[in-house]
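What follows is calculated from the coordinates using simple rules that are stated; it is not laboratory data. This structure is a prediction, so every number in the text was calculated from the model and none was measured. No Cβ is skipped: glycine too gets one built from the backbone with ideal geometry, and neighbour counts run over all protein chains shown.
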There are 2 protein chains.
Amino acid sequence: MKKILNSPDTFIKDMLTGLYKAHSDVYTYVNDDIHSLVKKNITPGKVGLATGGGSGHLPLFLGYVGDGMLDGCSIGEVFQSSSAEQMHEVTKAIDTGAGVLYIYGNYGGDRMNFDMAAEMADFEDDIKVNTVIGRDDVSSNHKENRRGVAGIFFVYKVAGAAAAEMLSLEEVTRLAQKAADNVATMGVALSPCTIPRVGHPSFELAEDEMEIGMGIHGEAGIRRGKLDTADRIVDEMLEPVLADMDLQEGDEVAVLMNGLGATPLEEQYVSYNRVHEVLSEKGIKIFKVYTGEYATSMEMAGMSISLFKLDAELKKYLCRPANTPFFTQLQL
Amino acid sequence: MKKILNSPDTFIKDMLTGLYKAHSDVYTYVNDDIHSLVKKNITPGKVGLATGGGSGHLPLFLGYVGDGMLDGCSIGEVFQSSSAEQMHEVTKAIDTGAGVLYIYGNYGGDRMNFDMAAEMADFEDDIKVNTVIGRDDVSSNHKENRRGVAGIFFVYKVAGAAAAEMLSLEEVTRLAQKAADNVATMGVALSPCTIPRVGHPSFELAEDEMEIGMGIHGEAGIRRGKLDTADRIVDEMLEPVLADMDLQEGDEVAVLMNGLGATPLEEQYVSYNRVHEVLSEKGIKIFKVYTGEYATSMEMAGMSISLFKLDAELKKYLCRPANTPFFTQLQL
């Protein structure tokens, strides 16, 4: 295991301690628990937006807490859900009377704990909590079972902008759900990552192999095979995304090219070149392209491609400015 | 070699073709040559700022072309200088009468070609060109021989802000040189990268080894040894940086934590935690922390730490907003 850390047992504690020092202008925590991160200067009367999940995916999830996006995040150990209590504490801290929306990925532990936290907030604190779940990974055939991956960025962005415009909990929830319903993602992995406390890679891929559709925790994908050319990898990734979205000529999308951790930006642009070709051939308009690392799996090599189908309403909220320690956008 | 590409021979062409498609609102090129990148909408009367260098370091170098930063960049093949002609074409395109400042790292090929381009611009086009060279890597003992690495980000930022305020070429040059004189960087490598056309890693490091002070092209560092704890790695990296800068209690710095390509943000924050401790113990104030990937070596694992010593003047320009496809900052 080749990582820059002090001890596998203090990895997340050391990481979070450094993070609060680096971004003390934006981040603080509640209940004396560094796993319950909240934004400083919560806007009174605004719908509170919370997310959460296991560590190891920076900038997911906490990186999107900031102006124009989220208000709080509960943080688990590497690839493990945070506790319902941690989520509950975040919920209390970010509610200013307008209610709270949970936005998180479709994983069993997260669902169980967020549901418990929502019940606690309702029964103990009379806080109304709604939930929108990210299920953008089209590598699973059954829509209800789909994992949430990088496409949740668009849900955060739209919901954050809607909340910043002081819309009601119902409206913010509707827009977040609409965003979630219009994003689809497919990934490819070239190499595994290592959970520090485990100490060895979570799976193996031969030197000439890739796995299309692998999840960000190393969940099985849809095909393992020889590493192919960038153009053919992109074609294979885009096919199920396009099939899922039923995009028509003249439709407009935003594209998210996401590195899983170890894949250089250079390779993302080689890949984007083909994405642009395929979409242009189909007459699909590209409104905005995001490249970089948005949802990683520590040092995993690979990438994901997300398409976000836009209409005038979603575009309006996508374009609104945002400013967090990990994502800054001026008004588009 | 495990990379997402079509062919080693078309790697940079495919990458740049994708990049121009993704960021067509900001980037274009001149002289029918995709290696001569310039910003759209150059501000008339503003000092033009150009950089350049080999590919494989994204977001270096072209990523800092945009509002409040640079105006043009000439782009070479992986780890190879661009040509003097390409630099000359960029120079002509970004000059609007106020002259041009070259800012680039201290590498032989780049120096030779930028010097030739400056002569061509002077003799053929009567364009006044000044030069500031990044030499921030303190792993070399002889200051004149030092390589330019991630710290050049601060030189770009200060020079870009000074030019955006419509200062003269002499003033922009003075401020860029002042920034360059006040930044120091040290790196550590944990694993090599592979140049596509070469097809095998440029060096080898055993599974339990690291190399302190290695350059971003794999240049030899100052010590190879067993991988140590994050805290001890940071201590060893900071020692020569602090010795070089002669920082006193009460001095103020900006910190740049830079991933070389494959090192997760989580490990950067574990490391930053120790940077903060060491600087705080010495009474050095931390004005602003930047984390992420600013100067990479494709899929190399490792990181660098840069300190940028601030005074009121440098801070003013550091704080100014900037907006490029790879770096956006609101007014601090």
Give the distance, in whole Å, between the Cα centre of region B:169-210 and the Cα centre of region A:183-231.
29
Whole-number percent relative contact order across chain B, with pairs defined as alpha carbons under 8 Å at least 6 apart
18
Kindly provide log₁₀ I(q)/I(0) values, in the same order as q = 0.09, 0.11 Å⁻¹, from the Debye equation applied to equal alpha-carbon scatterers of the protein assembly as shown.
-0.71, -1.10
Percent antiparallel among DSSP beta bridges confined to chain B, nearest 5, equals 55
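Where a ≥ b ≥ c are the square roots of the eigenvalues of the C-alpha gyration tensor, would you call region B:8-181 rounded, which needs a/c under 1.5, or, failing that, prolate if a/b is larger than b/c, or oblate? Don't jump to the answer; show the numbers that get you there.
Details: a/c = 1.39, a/b = 1.06, b/c = 1.31.
Taking the square roots of the gyration eigenvalues as a ≥ b ≥ c, region B:8-181 is rounded.
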Using the Cα atoms as the points, what is the convex hull volume per residue of chain B in Å³?
122
Over region A:39-127, calculate the relative contact order: mean separation of alpha carbon pairs under 8 Å at least 6 apart, over the residue count, as a percent.
33
For a footprinting-style exposure proxy, rank A:MET298, A:MET210 by other Cβ within 10 Å, fewest first.
A:MET210, A:MET298
I want the antiparallel fraction of DSSP beta bridges within the protein assembly as shown, as a percent rounded to 5.
55
Amide H to amide H under 5 Å from B:ILE222: which residues, 5+ apart in sequence or cross-chain, H placed 1.01 Å off N in plane?
B:ILE212, B:GLY213, B:MET214
With θ taken as phi - 60° and the coefficients 6.51, -1.76 and 1.60, list the Karplus ³J(HN,Hα) couplings across region A:34-42 in order, rounded to whole Hz; mark glycine and proline as x.
5, 7, 10, 8, 9, 6, 6, 6, 5
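Looking at region B:8-181, what % of its DSSP beta bridges pair antiparallel, to the nearest 5? List each step's numbers first, then the result.
Values: 6 of 21 bridges.
That works out to approximately 30 percent antiparallel.
Within a Cβ distance under 14 Å of A:GLU77, other residues only, what is the Lys/Arg minus Asp/Glu net charge?
Details: positive: A:LYS13, A:ARG197; negative: A:ASP9, A:ASP14, A:ASP33, A:ASP110, B:GLU266.
My count for the surroundings of A:GLU77 gives -3.
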Residue by residue through region A:45-62, the couplings from Karplus 6.51 cos²θ - 1.76 cosθ + 1.60 with θ = phi - 60°, in Hz, x for Gly and Pro, are x, 7, 4, x, 10, 10, 9, x, x, x, 7, x, 10, 3, x, 4, 9, 5
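Over region B:183-315, what relative contact order in percent results from Cα pairs under 8 Å that are six or more residues apart? Before the final figure, lay out each step's value.
Numbers: 264 pairs, mean separation 45.7, N = 133.
Result for region B:183-315 is 34 percent.
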Quick one: what are the phi-derived ³J(HN,Hα) couplings along region B:105-112, Karplus 6.51/-1.76/1.60 with θ = phi - 60°, whole Hz, x for glycine and proline?
x, 7, 10, x, x, 5, 4, 4
Given labels modelled 7 Å from the Cα in the Cβ direction, how far is it in nm from B:ARG224 to B:PHE203?
0.7
Inter-copy distances for B:GLU239, label 7 Å out on the Cα-Cβ vector, sorted ascending, nm, one decimal, are 5.7
How would you classify region B:183-315 from its alpha-carbon gyration tensor, with a ≥ b ≥ c the square roots of the eigenvalues: rounded for a/c under 1.5, else prolate if a/b is greater than b/c, otherwise oblate?
prolate
Sort B:HIS217, B:HIS57 by Cβ crowding within 10 Å, fewest neighbours at the top.
B:HIS217, B:HIS57
Neighbour-count order for B:VAL100, A:VAL78, fewest beta carbons within 10 angstrom listed first:
A:VAL78, B:VAL100
If you average the C-alpha positions of region B:246-280 and of region B:1-73 separately, how far apart do those two centres end up, in angstrom?
29
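In square nanometres and to one decimal, what's the mean projected area of the convex hull around the Cα atoms of region B:13-77? Display every interim value, and only then the final one.
Details: hull surface 16.9 nm².
That works out to 4.2 nm².
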When the Kirkwood hydrodynamic radius is evaluated over all pairs of different C-alpha atoms of region A:65-107, what value in angstrom, to one decimal, is obtained?
11.4
